[in-house]
């Protein structure tokens with residue numbers, strides 16, 4: 001991940017018409033794309049997407065591989081994914097420490113895996129299978145979870161051991177850490193400190209909201225990043241030299257709104273870099 | 001080897017999935033959060049893909065049946081990793097299910113509403129040449145919809161049957177999905193076209209079969225077909 005420099009932003013179709021390549025126009029240092037949203041992109045988006053790919057590096061972040069699933073990812077999808085990554089020369093691909101399908105039936109949501117040694121073995125096998133197929137070392141993201149049962153390991157022990165066994169890198173989502181820390185009453189900074197930070201490839205941040213009905217923070221990617229999460233990002237960037245990015249998947253505002261948030265993140269990133 | 005390793009985990013995951021997809025009663029509030037989130041993901045995609053269908057659901061107070069259908073669908077037929085393909089999976093699921101049996105027009109309505117997404121998601125438009133000639137071979141583009149409905153889906157009239165032949169295509173001038181009603185004869189001819197023969201031969205054969213004079217109708221057909229060529233319906 002060292003070749004990805006600076007800060008990133010999630011690319012959405014809503015932004016396409018506002019992306020230009022003259023010096024005055026805003027463009028992040030790199031874009032993160034979700035392959036599931038772009039593999040079947042209609043012709044009306046393709047030309048612009050390709051123009052962006054030629055001008056700005058892409059990093060890919062998947063949502064449907066379901067690495068914690070009882071079945072291996074389908075070859076048909078992996079072929080489409082590999083072709084997409086190769087076509088746009090995307091070297092870095094990440095997924096989640098979760099599962100989103102069971103017996104090949106989709107839930108279209110990231111579900112919590114049992115934190116056990118057996119699950120580490122299963123996920124490591126799936127990760128290696130995917131890496132062999134894609135010809136790439138992948139990163140895996142710490143996910144939010146609202147429920148955890150029958151877990152024999154702590155979350156950080158599970159993640160560290162999974163990274164060690166699979167050889168995957170860690171996509172550290174500081175918003176997920178924050179949300180989990182509030183929902184499950186632990187110290188977010190201590191949690192980050194307990195992770196194998198040498199394995200972090202890059203950092204995610206995003207917005208969340210408090211749901212009055214369930215009395216929990218929900219990782220919605222639908223609001224702006226809050227101050228506690230910025231603080232956690234700063235804390236993390238003081239420890240490791242990696243790139244951060246902002247995800248926004250719901251209530252998508254105009255690109256100029258995201259530009260403001262991006263600049264806020266960039267300020268934190270640059271401040272840290274000058275200390276480095 | 002893997003099967004043995006993950007047996008307990010499979011049970012845990014299966015039980016969790018059964019709860020969030022409505023197959024079993026939710027045991028804990030925290031599992032209920034997932035039940036809500038998963039249902040919301042499906043619900044949100046479906047009501048945006050099928051706005052008129054959802055309006056009818058609301059008008060006729062069919063929300064409970066709608067929810068039941070979503071849970072049943074989630075348990076069995078949501079297979080594609082691409083979320084944009086989910087509405088079509090749901091449409092096919094409903095067609096074979098017992099849900100909404102009183103809505104006789106449902107199949108037509110969902111086909112019509114889904115066609116907009118289908119046409120929008122087309123990946124490329126292939127057209128061999130820029131000049132239209134009746135002596136050339138053409139086929140119907142795979143990126144359009146050509147369908148005979150039993151109800152007037154365009155004007156949303158569902159209380160009486162009315163056959164309507166509709167062509168759905170992407171209008172590159174307006175930059176949006178467009179629909180064009182076709183007369184039965186033109187619709188039947190488009191369905192009749194054999195890509196291995198020229199349009200002219202196709203038309204002669206078709207009109208002969210219909211016992212219609214080629215001389216009387218050829219020009220009118222040619223005009224309509226030329227227009228369809230420019231709309232990239234004939235490729």
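Can you tell me which residue is modelled with the lowest pLDDT among those in the stretch B:151-175 that are out of contact with any helix residue (DSSP H, G or I) (no Cβ under 7 Å at 6 or more places or on another chain) and either within 16 Å of residue B:234 (Cβ to Cβ) or assigned to a strand (DSSP E or B) (or both)? Out of the qualifying residues, it is B:172. Out of A:179, A:200, A:174, A:214, one residue alone is surrounded by 18 or more Cβ atoms within 10 Å (Cβ to Cβ), within 14 Å of another protein chain (Cβ to nearest Cβ) and under 26 Å from residue A:232 (Cα atoms). It is A:179.
Counting only residues that are within 14 Å of chain A (Cβ to nearest Cβ) and not in a helix (DSSP H, G or I), the stretch B:68-109 holds 6 of them. Which of the residues spanning the stretch B:146-181 are under 28 Å from residue A:44 (Cα atoms) and more than 18 Å from the chain's Cα centre (by Cα)? Within the stretch B:146-181, B:172, B:173, B:174, B:175 qualify.
In the stretch A:8-115, counting only helices (runs of 4 or more DSSP H) that sit wholly within it, the ones holding 3 or more residues that are without any contact (Cβ under 8 Å) to a residue 40 or more places away in the chain, closer than 27 Å to residue A:172 by Cα and more than 18 Å from the chain's Cα centre (by Cα) span A:43-55, A:75-87. Within the stretch A:144-171, the set of residues being out of contact with any helix residue (DSSP H, G or I) (no Cβ under 6 Å at 6 or more places or on another chain) and under 27 Å from residue A:208 (Cα atoms) comprises A:145, A:148, A:149, A:151, A:153, A:154, A:155, A:157, A:158, A:159, A:160, A:171.
Checked against (1) touching a helix residue (DSSP H, G or I) at 6+ places or on another chain (Cβ under 8 Å); (2) without any contact (Cβ under 8 Å) to a residue 40 or more places away in the chain; (3) more than 13 Å from chain B (Cβ to nearest Cβ), residue A:205 passes all but a single condition, namely (2). Residues of the stretch A:159-202 that are part of a loop (DSSP other than H, G, I, E, B) and within 13 Å of residue A:144 (Cβ to Cβ): A:184 alone. For the stretch A:203-217, the criterion of being at pLDDT 95 or above and part of a helix (DSSP H, G or I) is met by none of the residues. Counting only residues that are closer than 20 Å to residue B:196 by Cα, surrounded by fewer than 18 Cβ atoms within 10 Å (Cβ to Cβ) and under 13 Å from the mean Cα position of the chain (by Cα), the stretch B:103-145 holds 1 of them. Selection within the stretch B:21-55: residues that are over 28 Å from the mean Cα position of the chain (by Cα) and crowded, with 21+ Cβ neighbours inside 10 Å. The member of this set that is farthest from the other protein chains (Cβ to nearest Cβ) is B:34. Within the stretch A:79-103, the set of residues being over 22 Å from residue A:144 (Cα atoms), at the interface with another protein chain (Cβ under 10 Å from one of its Cβ atoms) and surrounded by fewer than 23 Cβ atoms within 10 Å (Cβ to Cβ) comprises A:80, A:103.
The values are calculated or read from the model by the stated rules, or taken from the named source; none is laboratory data. Bear in mind that the values here come from a model prediction, so they are computed numbers and not experimental data. Neighbour counts are summed over all protein chains in view; Cβ atoms, including those assigned to glycine, are modelled from backbone coordinates with ideal geometry.
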